1. Distance between Cα centroids, segment 79-119 to segment 207-231: provide it in whole Å.
2. Assuming a ≥ b ≥ c are the square roots of the Cα gyration tensor eigenvalues, decide whether segment 34-122 counts as rounded (a/c under 1.5), prolate (otherwise, with a/b larger than b/c) or oblate.
3. As a test, work out the antiparallel percent of DSSP beta bridges whose residues both lie in segment 2-251, rounded to the nearest 5.
4. Mind ranking 45-58, 177-190, 130-143, 221-234 by how tightly packed they are, going by the mean number of other C-beta atoms within 10 angstrom, highest first?
5. Using the beta-carbon distance between residue 149 and residue 211 and R0 = 35 Å, what value does 1/(1 + (r/R0)^6) give for FRET efficiency, to the nearest 0.05?
6. To the nearest 0.05, how large is the calculated FRET efficiency for residue 204 and residue 134 if R₀ is 22 Å and r is the Cβ-Cβ distance?
7. Can you run the Rg to Rh ratio on segment 107-202? Use alpha carbon positions and the Kirkwood inverse-distance Rh.
8. With each label point set 7 Å from Cα along the Cα-Cβ vector, what nm distance links residue 116 and residue 53?
Ligand SMILES: [Zn+2]
């Protein structure tokens, strides 16, 4: 597993098959409080791990090589699978859920509108993931195989003194969510970052409804105002400092 620095090699790398891990922020002499690993696939899919007062929470579950990446991330944090208190899914496209069997004993949090997709009961509406499902079905859990704790709108989850704020941002998929923890917003594929361009709203082809996705980001920007965030990361581990003009730049595209 290759390791590299956030906002440097991982973000700039176009080498989709190379997995790497990085810390947000860098820490030197003890297990990090947060750690992000990327998995393989046409774009590197992120698994983010964060220590909370009661254990470890995980955002998204990656794609190719997800179980190994999870093990590497947990080991780096001095933790094990049993320490994972919760999984938060930004959405249930195949490239963000691959590692579900490894954490099947943890509760899975997602927006109610995403539950059918997570169980493979419906196909994505975006033509690229829809055709991908017709060619090769994703291995997804049947009802009851994992504990799903669905929420229907913006929600705050508490883990002792720590919080994870969840925001419903429909459009890329019906139940797409963004999560704010430790000053970093994990926006899933609600924000995309093409290899040759800057961050922009969810991309056509991959998304159910790009108009709704763009509107969701406008609404999200307003709902985030009371909640400071320093970084915004996509589900493919592209991160940007959330400076004063960040949302204007994203929404201007
Ligand atoms: Zn997606």
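Quick note: the coordinates plus some simple rules give every number you see, no bench work behind them. The structure displayed is predicted, hence computed values, not measured ones. Cβ sites come from the backbone with ideal geometry, for glycine too, and all protein chains shown count toward neighbours.
1. So the separation of the two Cα centres works out to 22 Å.
2. Since a/c reaches 1.5 but b/c is at least a/b, the shape of segment 34-122 is classed as oblate.
3. Values: 31 of 47 bridges.
Once the DSSP bridges in segment 2-251 are tallied, antiparallel ones form about 65 percent.
4. Taking the mean over residues of other Cβ atoms within 10 Å, the ranking is 177-190, 45-58, 221-234, 130-143.
5. Computed FRET efficiency for residue 149 and residue 211 comes out at 0.75.
6. Computed FRET efficiency for residue 204 and residue 134: 0.70.
7. 1.00
8. Reported label-point gap for residue 116 and residue 53 is 3.9 nm.
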